[in-house]
Amino acid sequence: MSAHPQRIAVLPGDGIGREVIAEVMQLAEAVRRGGHLVATWEELDWGAERYLATGQAMPSGGIEYLRDFDAILVGAFGDPRIPDFAHARQILLGMRFELDLFINLRSVRCFEERLNPLKSVQARDIDLVIVRENTEGLYCGAGGTLHAGTPHEVAVQEMIVTRMGVERIIRAAFEFARARPRRKVTLVDKANVLRFAGELWQRTFGEVAAEFPDVAKDHLYADTAAMELVRNPGRFDVVVTENLFGDVLSDLAATLGGGLGLAASANLHPGRVSMFAPVHGSAPDIAGAGRANPLAAVASFGLLLRHVGHPALADALDAAVTATVRDDIVTPDLGGKRTTAEVGEAVRERMLEQLKA
């Protein structure tokens, strides 16, 4: 355990983001009081209320301020009073690009057979990681429009792919795979259509794979990968892909594990401050009703713990989440009748039991 307090920035955000992060912070405080974690956390008021009051989602220099933290924990952003999500873009894209969080990591496991939507697949066969390139591709904002609002309007959205960006995400995928029992990486692309970008991805994949002879490699086109995720998810271990395909496939894969209420994510730059967040949105329609599922936020905190050097705590938290789901202490989205607070309390109890064992 680190001797110096690790600094965690906390951005609860909007809607149910505030509710699920409240449960995580109660858990973190219980672990800290038990002497298992040396950390401090600072809550930042970035979000819709600040944006509506000031026109800015964060203070000037906000992203630079985050560099001094060890990690960032985020709830969710989105408010119907800001229909263009301007504040969410400022914060989330600001962190992603300015902090160079080039790895989007989504781990997918099905905790319980009753949550498995596939008749022909057993829950234990759903265990994969999607490693998505997070700063390039079609999401980098390159492009523009001509003759907007006329019959001759033209929109151009450009895909930017660099050797550096492709190589570092592929290398990260192989390193993740090397730490897993099955040791397999599947490249997903659309090189048969996106010929120039695809050739760069495929050539780089082959070159990096040669450095990892102990890790098996595989390749699928994106449409085939979508089909195989539903037909035979057991064939996947670590999937590496570009930004757009990773965005789509990771939400599809999350459904195999029980839905977005269980979907955690990490936005990483190894060795630097990184950001951790549940994948679900702010869900304003259920905010304040006690129906929000806190498990995705809790699992994101587990990814945070692993990133900052507490693998034993992360393993204990993973076991606590698994036990909570298997004991059917879950919110309505998973077929249960428990409240956000009741699920949070159940995880805390099981986490502390794990730490006493």
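If the only charges are +1 at each Lys and Arg Cβ and -1 at each Asp and Glu Cβ, what is the size of the charge dipole of the stretch 42-124 around the Cα centre, to the nearest 20 debye?
Dipole magnitude for the stretch 42-124 comes out near 640 debye.
Charges at C-beta only: +1 for Lys and Arg, -1 for Asp and Glu. How large is the resulting dipole of the chain about its Cα centre, in Debye rounded to 20?
740
Average projected area of the Cα convex hull of the stretch 201-240, in nm²?
Seen from a random direction, the Cα hull of the stretch 201-240 projects 3.0 nm² on average.
Can you compute log10 of I(q)/I(0) for the stretch 1-105 with the Debye formula, treating each Cα as one identical point scatterer, at q = 0.12, 0.13, 0.22 Å⁻¹?
-0.44, -0.51, -1.23
Using r as the Cβ-Cβ distance of GLU199 and GLN56, and R0 as 35 Å, what FRET efficiency do you calculate, to the nearest 0.05?
The pair GLU199/GLN56 has a calculated efficiency of 0.25.
Report, by chain and number, residues whose modeled amide H sits under 5 Å from the one on LYS217, excluding near sequence neighbours (fewer than 5 apart, same chain).
Amide H to amide H, under 5 Å and 5 or more residues apart or across chains, LYS217 pairs with VAL185.
Over the stretch 96-221, one equal point on each Cα, no solvent: what is log10 I(q)/I(0) by the Debye formula at q = 0.14, 0.19 Å⁻¹?
For the stretch 96-221 at q = 0.14, 0.19 Å⁻¹, log10 I(q)/I(0) is -0.76, -1.10.
Rank the residues MET159, MET227, MET95 as a footprinting-exposure proxy: fewest other Cβ atoms within 10 Å of their Cβ go first.
With the sparsest Cβ surroundings first, the list reads MET227, MET159, MET95.
Hey, fewest Cβ within 10 Å first, where do GLU19, GLU113, GLU29 land in order?
Least crowded to most crowded, the residues run GLU113, GLU29, GLU19.
What dipole magnitude, in Debye to the nearest 20, does the stretch 1-100 give about its Cα centre under +1 on Lys/Arg Cβ and -1 on Asp/Glu Cβ?
120
Return the sequence-ordered ³J(HN,Hα) values of the stretch 265-271 in whole Hz as given by the Karplus equation 6.51 cos²θ - 1.76 cosθ + 1.60 applied to θ = phi - 60°, using x for Gly and Pro.
Listing the rounded values in order: 9, 10, 10, 10, 9, x, x Hz.
In the stretch 19-92, which trypsin sites (Lys or Arg not before Pro) fall in coil by DSSP and have 13 or fewer other Cβ atoms within 10 Å?
Sparse-neighbourhood loop trypsin sites (Lys or Arg not before Pro): ARG67, ARG81.
Output the Kirkwood hydrodynamic radius of the stretch 122-171, Cα pairs only, in Å rounded to one decimal.
14.0
All other residues with a Cβ under 15 Å from the Cβ of VAL343 taken together, and with Lys, Arg as +1 and Asp, Glu as -1, what is their net charge?
Surrounding charge for VAL343 is -3.
Can you tell me how much longer the chain between ASN232 and GLU211 gets when fully stretched, taken as 0.36 nm per residue apart minus their C-alpha distance, in nm with one decimal?
Length gained between ASN232 and GLU211: 4.7 nm.
Could you calculate the contour length gain from ASP45 to HIS147, that is, 0.36 nm times the residue separation minus the distance between their Cα atoms, to one decimal place in nm?
So the extension gain works out to 32.8 nm.
If the chain between LYS356 and ARG32 were fully stretched, how many nm would it gain, using 0.36 nm times the residue separation less the Cα-Cα distance?
115.3 nm
Over the stretch 75-168, what is the mean sequence separation of C-alpha contacts under 8 Å (at least six apart), divided by residue count, expressed as relative contact order in percent?
21
Under a no-solvent Debye model with one identical scatterer per Cα of the stretch 17-167, what's log10 I(q)/I(0) at q = 0.09, 0.14, 0.20 Å⁻¹?
Calculated log10 I(q)/I(0) at the listed q: -0.48, -1.06, -1.30.
Report, largest value first, the span of the C-alpha coordinates of the stretch 246-357 along each principal axis, in whole Å.
Sorted from largest, the Cα extents of the stretch 246-357 read 40, 39, 26 Å.
I want to check the label-to-label distance for ALA289 and ARG182. Put each point 7 Å from Cα in the C-beta direction and report it in nm to one decimal.
It works out to 3.6 nm between the two label points.
If you consider only alpha-carbon coordinates, what radius of gyration and Dmax does the chain have, in Å?
When restricted to the Cα atoms of the chain, Rg and Dmax are 20.4, 69 Å.
Test of understanding: ordering ILE169, ILE82, ILE130 by Cβ neighbours within 10 Å, fewest first, what list do you get?
With the sparsest Cβ surroundings first, the list reads ILE82, ILE169, ILE130.
How big is the C-alpha Rg of the stretch 218-277 next to the rule-of-thumb value 2.2 N^0.38 Å, as a ratio?
1.23
Every read-out reported here was derived from the displayed coordinates using simple, explicitly stated rules and does not represent laboratory data. From a predicted model like this one, the values you see are computed outputs, not experimental measurements. Because the Cβ atoms are built from the backbone with ideal geometry, glycine has one as well, and the counts that use them run over all protein chains shown.
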